[in-house]
Structures are given as C-alpha cells and as structure tokens.
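Heads up, the thing below is written out as structure tokens.
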Amino acid sequence: MNEVRIGVVGCAGRMGQALLREITAAEGAVIAGGIERPGHATLGQDVAAQAGLEAIGVAVGDDAQALFASADVVLDFTAPEASVVHARLAAESGTRIVIGTTGIEAEDNAKIAEAATKVAIVQAANMSLGVNLLLALTRQAASILDPDFDIEVIEMHHRHKVDAPSGTALALGQAAALGRAVEHDQVADRGRDGITGPRRRGDIGYAVLRGGNVAGEHSVVFAADNERIELTHKAGDRSIFARGGVRAALWVRDQPAGLYSVADVLGFSG
Ligand code: NAD
C-alpha cells in the first residue's frame, strides 16, 4: 500500500509537534510537509527537527496552497480562522483534511460543512479515540437503562483549567441525554451546594474535581438501587489526541466527500 503523505498546518504548535511525532511513529504514514504563520520563528527550519525528530530535509514553509498540493491529507489543529481557510483549500485541491481546532463558531462550521460537500473532512473537538468510544458507550447505556439509573458525570483536571464542567464532560452528558431521548439542558444539574433537596429523577448530574497535573479524567456513573455501572476514561497526555488525528488522516484518505466524526473513523455510530 502507498504511504499516506500527511501535511501539518501549525506544525510548530503543541499539537502540531505532537502530530509530527505520531506521523513518524505510524505505519503507512509519512510527513509531506509543514507550514506555519508568515513570520513565524520556525520558517526555514527542518519540519521534523523543530519537533525534536530526525531531520527529513523539508523546511517549514508558509504556503498553504503548496502544502495542499503536495499532501494526500492535511492535519489542522490551529485556530478557527485558519481552519476555515484550510477547509476551503481542501475543497479546491481535493486534498482531505482533519480538523481538530476547537472554539469554531457556528458560522464558520457552516463553511466547513460547505467544503465537506466537495471533499472528505473529519472534524472533532476531541480526537481521543477513547473519549469518542466513551461517548458512544454512554449514549448506548443511557438508551438501555431506564431512569431508575441515576446518571452522574464526574471529571477531574489539572489545577490550571479555567472552565467547568469540561467540554468533554458536557458532551458526555449530552450523549446520555440523547440516549434517553431527553433535552440535556432540562435535566442537567451542574452544581450542588447546601440544602439541595433530594435528587430529581431523570436528572444528569455533574461533579468537578481540580488538582495537580491531571490531563483529564471522565467517568459516567449509572447508579440504581444496589447496582452501579461506571464508564471511565483517563488521559495521560496530549499524544492521545495526536494519535487519533493521525488515525483519522489514514482513514479519510480513501473517503468520498462528506463531514465525518471520529465515530465514523472507528466504525461505530456516535
Ligand atoms: P498552539 O497555539 O500551541 O498551536 C497552534 C499553531 O497553529 C501555532 O503554532 C500557530 O502559529 C499555528 N497557526 C495559527 N494560524 C495558522 C495559519 N493560518 N497557518 C499556519 N499555522 C497557523 O495550540 P495547540 O495547543 O496546539 O492547539 C491548537 C488547537 O487544537 C486549539 O484549537 C486546541 O483547542 C485544539 N486541540 C484539539 C484537540 C482535539 O482532540 N481535537 C486536542 C488538543 C488541542
């Protein structure tokens, strides 16, 4: 099988460097090139060497069009305004793209969806294969277990995290609500303190822990009388997101136009 040539935009970023390491480690994948913002300090340096890898003789550039022309698939974990431009370039060149950038507004997501009518795009705010499996399992368990099972989502992150509950915790709650065919915002209980009264049947509760350098831990608890099911995912570091991104890149190379999720990559419905 031909190796998949993967380009990385934002190749000097934290995720960009992690992606270069994962491409190098993955079977069937090779670095096609990497680009950065015009004026970036790494321009002209070896793409692989600037990520701590053995040099490959390809310099960091700033020409997105040239990168799309030379790659089979482009990985984009950058910034919302950049990802929209790159989705358009993907549609124009026919080069597939994997977008992991977060914080993209609805208007820009619509532009990405528009580009996906012309080329295959994988987009996910959490590329971890494990978290995406946890989302699917949560939805499935919630569809099977009736509201005698109280659903609680517990998450723990490092002391620097500024938002709570985490986006992934909320996505898990939404997956549970979807499984139960209820409106998430009507059943979400996002914080308890003081005399809260008894738990409301059917609620989805959240509990948040902060401390140390924990990369991210999420559990969904289904608690009935005398029995309890707990689904848990623990992230070690950001390499899991990069691994998911590269796996998505290898998969999307052969896909027809469309907007895909990590669940599609893994072959289960999310
Ligand atoms: P970062 O700031 O370390 O890296 C972003 C890089 O993109 C920078 O080097 C920047 O110069 C570059 N960049 C920005 N605009 C560009 C452009 N137009 N052309 C070329 N390069 C450009 O950030 P990070 O921690 O690597 O995160 C990047 C994004 O990925 C964020 O949105 C983050 O939330 C997201 N992320 C997603 C996942 C996931 O699983 N989907 C996981 C981790 C991070």
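The values are calculated or read from the model by the stated rules, or taken from the named source; none is laboratory data. Source: prediction; values computed, not measured. Here Cβ is always computed from backbone atoms with ideal geometry, including for glycine, and neighbour counts include all displayed protein chains. These accessible areas exclude ligands, DNA and RNA; they are computed on the full protein's heavy atoms, side chains included. Shrake-Rupley method; radii C 1.70, N 1.55, O 1.52, S 1.80 Å.
Filter the range 93-109 down to the residues that are among the acidic types (Asp, Glu) and within 16 Å of the ligand (Cβ to nearest atom), then identify the one that is surrounded by the most Cβ atoms within 10 Å (Cβ to Cβ).
Asp108
Identify all residues within the range 133-161 that are free of Cβ contacts under 8 Å to residues at least 60 places away in the same chain, of a type outside the set (A, V, I, L, M) and assigned to a helix (DSSP H, G or I); write none if there are none.
Gln140, Ser143
Out of (1) of a type outside the set (Ser, Thr, Tyr); (2) at pLDDT 95 or above; (3) under 21 Å from the mean Cα position of the chain (by Cα); (4) open to solvent by 40 Å² or more (accessible area, probe 1.4 Å), the odd one out for Val58 is which?
Status for Val58: all satisfied but (3).
Being buried (at least 21 other Cβ atoms within 10 Å of the Cβ), of a type in the set (Ser, Thr, Tyr) and under 14 Å from Glu217 (Cβ atoms) is the filter here; which residues of the range 133-167 pass it?
none
Given the options Ala164, Ala124, name the one that is under 21 Å from Arg253 (Cα atoms) and either away from the ligand (no atom under 12 Å from the Cβ) or touching a Ser or Thr at 6+ places or on another chain (Cβ under 9 Å) (or both).
Sole residue among the options that is under 21 Å from Arg253 (Cα atoms) and either away from the ligand (no atom under 12 Å from the Cβ) or touching a Ser or Thr at 6+ places or on another chain (Cβ under 9 Å) (or both): Ala124.
Out of Arg228, Arg210, Arg200, report the one residue that is under 14 Å from Pro165 (Cα atoms) and open to solvent by 60 Å² or more (accessible area, probe 1.4 Å).
Every option except Arg210 fails the conditions.
What are the pairs, 6+ residues apart or on separate chains, where a residue within the range 233-250 that is open to solvent by less than 60 Å² (accessible area, probe 1.4 Å) has its Cβ under 7 Å from a residue that is of a type in the set (Ser, Thr, Tyr)?
Ala235/Ser128; Ile240/Ser128; Gly244/Ser128
Would you mind stating whether Val187 is more than 27 Å from Gly100 (Cα to Cα) and crowded, with 17+ Cβ neighbours inside 10 Å?
Considered against the rule, which asks whether it is more than 27 Å from Gly100 (Cα to Cα) and crowded, with 17+ Cβ neighbours inside 10 Å, Val187 comes out as yes.
Is there any pair linking a residue in the range 4-23 that is under 15 Å from Ala248 (Cβ atoms) and without any contact (Cβ under 8 Å) to a residue 40 or more places away in the chain to one that is open to solvent by 10 Å² or more (accessible area, probe 1.4 Å) and more than 9 Å from the ligand (Cβ to nearest atom), with Cβ under 6 Å and at least six apart or on different chains, and which?
none
If the requirement is being open to solvent by 10 Å² or more (accessible area, probe 1.4 Å), within 9 Å of the ligand (Cβ to nearest atom) and not small (Gly, Ala, Ser), which of these qualifies: Gln50, Gln45, Gln65, Gln17?
Gln17
Please go through the range 20-42 and pick out each residue that is within 16 Å of the ligand (Cβ to nearest atom), open to solvent by less than 30 Å² (accessible area, probe 1.4 Å) and at negative phi.
Leu20, Ile23, Ile31, Ala32, Gly34, Ile35, Glu36, Thr42 - these are the residues of the range 20-42 that are within 16 Å of the ligand (Cβ to nearest atom), open to solvent by less than 30 Å² (accessible area, probe 1.4 Å) and at negative phi.
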